[in-house]
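Everything below concerns the one structure shown next.
Please treat every number below as a calculation from the coordinates, not as lab data. These numbers were taken from a predicted model, which means no experiment stands behind them. Ideal geometry is used to build each Cβ from the backbone, glycine not excepted, and the neighbour counts take in all protein chains shown.
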Amino acid sequence: MTASEQTGDAEQLREEIERTRELLGETVEQLAAKVDVKGRAQAKATELAGQVTRQAKSTVAQGRVRAAQVRKQGAEAARTNRVPLSAAAGGVLLAAIAFIIWRRSKG
């Protein structure tokens, strides 16, 4: 074996040792992350809180849209049904007056 072959083998060995060290370092970091239960729990809690917040905002937005639709439909119904609505209000008023008169005559 020549001196250049020995140098080449030594260089390859150093590179392999360096790669092994890097892999070992990554493995240690991954194991440390798995062992960090508190940190993982906090990360999961933060993730879930974000999901809940997004869902709540979406639900509120949908509720506002639906409320606007209902208001619009109610206003349209009141405009198109003014006579029946007025008649119903008058009927309720007459019934209330009749009830008051009846109660006074009994009392």
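List of remarks:
- Residues SER86, SER105, arranged from fewest to most other Cβ atoms within 10 angstrom of their Cβ, appear as SER105, SER86.
- Option label - Rg/Rh (Cα atoms, Kirkwood Rh) computed here, alternatives (1) 1.05; (2) 1.14; (3) 1.73: (3)
- Computed per residue of the chain from DSSP H runs no shorter than four, each worth -39500 (n - 2.57), the mean residue ellipticity at 222 nm is -35000 deg cm²/dmol.
- Here the simple spin-label model places points 7 Å from the Cα toward Cβ, and for GLN73 and THR46 these points are separated by 4.3 nm.
- Here's the picture: charge each Lys and Arg Cβ at +1 and each Asp and Glu Cβ at -1 in the chain, and of ALA96, GLN12, LEU85 the one pushed furthest to the positive end of that dipole is ALA96.
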